[in-house]
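The next block holds one structure in the form of structure tokens; read it before the comments.
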Amino acid sequence: MPRLPTTAIIGAGSSGITAAKALHERGLQFDCFESSDRLGGNWVFANKNGMSAAYRDLHINTSRKRMEFSDFPMPESYPDFAHHTQIADYFDAYADHFAIRERILFETQIEHAAPRSDGSWELTDERGNTRAYDMLIVANGHHSDARWPEPAFPGADKFAGVQMHAHDYRDNEFLKDKDVVVLGIGNSAMDIAAEAGYVASRTHLAARRGAHIVPKYLFGRPMDQLPTNPRIPPWLAYRVFSACVRLHTGRPERYGLPKPDHAFGQAHPTVSGRILDAISHGTVTPQANIERLGPDWVSFTDGTQVHADVVIYCTGYRITFPFFDTDFLSAPENRIELFKRVFAPQHPTLAFVGLLQPLGAIMPLAEAQGVLLADYLQGRYRVPSAPAMLADIRRENDRMRKRYVASKRHTIQVDFDRYLHDLRREHRRGIERARVAGYPLPVPASGARTQAVGRA
Ligand SMILES: Cc1cc2nc3c(=O)[nH]c(=O)nc-3n(C[C@H](O)[C@H](O)[C@H](O)COP(=O)(O)OP(=O)(O)OC[C@H]3O[C@@H](n4cnc5c(N)ncnc54)[C@H](O)[C@@H]3O)c2cc1C
Ligand SMILES: NC(=O)c1ccc[n+]([C@@H]2O[C@H](COP(=O)([O-])OP(=O)(O)OC[C@H]3O[C@@H](n4cnc5c(N)ncnc54)[C@H](OP(=O)(O)O)[C@@H]3O)[C@@H](O)[C@H]2O)c1
């Protein structure tokens, strides 16, 4: 038997643990590094790594049947849209069930990861320990580095109240009797505006474009469990879905929200069972985009102005890899070119898990990526040539540009069913490529690389 490559996984959130499980089941040598003392990443409320955006009342907006891993169902006692504590417990149970916990090096933050001349990797943690591996799998998440408005709004430096990002919002206690402006029309803005509306004196929801607001249930079923078929073109599926949502709630403009400048399905879904109620109760008031801030006020692009004590920017996240040298790899404007959102064509020893934004949940897609990578490491799956991967990336990028509203939140967007379907097809093709090539290992395996090689 040839020696199989050794692997480092950065991150033990839901993406990292499912990749770890896939490698563990094949008996592959790997270490999974986690900066926190707990696994589960974003789903660990007040995670000591400072990377979780979970707030006290956060519930999933992708239903549990869509979110669970294929071989480990969430408990039937869970509600459809479970609370973050239940989701964190579920990931803990998954890791224990598949004996992954003992494969994680907790409280070990990777500060630097650099390829060596032979393509293998040198990883340095925050204590200066250096270890080497044949392959690196990055699963560091893409919802922890807050993106503030760029440039800042005029007058933001003169505002005397609190300005904060959704990433740091924990609960609405501090908003009691305050005048609050929430900016954005994604899921963070919906939840935070609705929560502010319960206690604040006034809550204003500012947005630079409209969104189709999707309810959590349609026809008595979680909206993401309605039957779909990857062979039906998305435009048709979304047209039908859109008509159903319109019948259910009416147009967003009817509530005073901006009219969407795009068709349904051309933006990441804004799912909220609460925001339309909050608007119709008068606890949240829709506004145009922020234009400028004064010492105690915010003005909007339609010329209106309101008193404000707190401004909460729900303006999304940056994709960053703080452990890479920027001239090696970065994601400027959230753009990163990966084959099937997994492989970096120029770097056969580097892969990513969970770096995608589905219309649906991330976990089953990360699970499928992990299985693909286990086959890759064993030589059972072979990627196409670099030019073929680049051509596929270009085609996908073109398709995405045509499909979605131009925004930094739509650079890694996929359709859940279509992506799984495509990845499985590519997996089968790669298995055939590997068979024809005689199952060569994808990366040179160099032996005892998991041992520490020094202290920085
Ligand atoms: C408020 C909010 C709600 C969301 N709700 C949903 C939802 O309902 N459904 C859904 O599918 N998705 C949702 N998401 C998307 C979210 O990204 C995924 O649910 C999930 O957390 C992705 O898992 P991950 O493992 O890729 O990343 P994360 O959960 O962010 O985990 C990454 C892990 O990597 C570790 N790490 C990072 N850098 C290093 C390093 N240098 N060294 C060591 N360890 C490191 C972190 O400590 C962390 O544990 C939500 C996101 C937010 C912000
Ligand atoms: N489970 C849940 O209930 C839940 C709750 C919160 C978040 N989430 C998930 O967490 C992820 C992040 O969501 P998010 O809402 O934080 O971010 P997001 O989806 O990236 O939305 C960011 C919003 O801010 C707007 N924006 C960005 N920069 C702006 C600027 N300079 N001026 C005005 N508006 C600006 C964007 O508008 P444009 O579209 O014009 O760019 C968009 O409306 C998503 O996957 C989401 O589904 C889930």
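Quick note: the coordinates plus some simple rules give every number you see, no bench work behind them. Since we're looking at a predicted model, the values are computed, not measured. Here the Cβ is made from the backbone with ideal geometry for all residues, glycine too, and neighbour counts use every protein chain on show.
Things worth noting here:
- Think of each Lys and Arg Cβ as +1 and each Asp and Glu Cβ as -1; about the Cα centre, that makes the dipole of region 1-108 roughly 260 debye.
- Cα gyration tensor category, rounded, prolate or oblate, for region 75-174 with a/c compared to 1.5: oblate
- On the beta carbon distance between Leu226 and Tyr439, with R0 = 41 Å, the FRET formula returns roughly 0.50.
- Dividing the Cα radius of gyration of the chain by 2.2 N^0.38 Å, with N the residue count, gives 1.01.
- Only one residue of Ala308, Leu226, Pro269 has its Cα farthest out toward the positive end of the dipole of region 200-310, where Lys and Arg carry +1 and Asp and Glu -1 on Cβ, and that residue is Leu226.
- Our estimate of slack between Arg335 and Arg239, defined as 0.36 nm per intervening residue step minus the Cα-Cα distance, is 31.7 nm.
- Where labels lie 7 Å past Cα in the beta-carbon direction, separation of Asp118 and Asp261 in nm: 5.4
- Its relative contact order, with pairs defined as Cα atoms under 8 Å and 6+ residues apart, puts the chain at 22 percent.
- Length added when fully stretched, Glu253-Lys402, from 0.36 nm per residue minus Cα-Cα: 51.1 nm
- Extension gain, Arg246 back to Tyr217 (0.36 nm per residue minus Cα-Cα distance, nm): 9.1 nm
- Among beta bridges that DSSP assigns inside the chain, antiparallel share in %, nearest 5: 45
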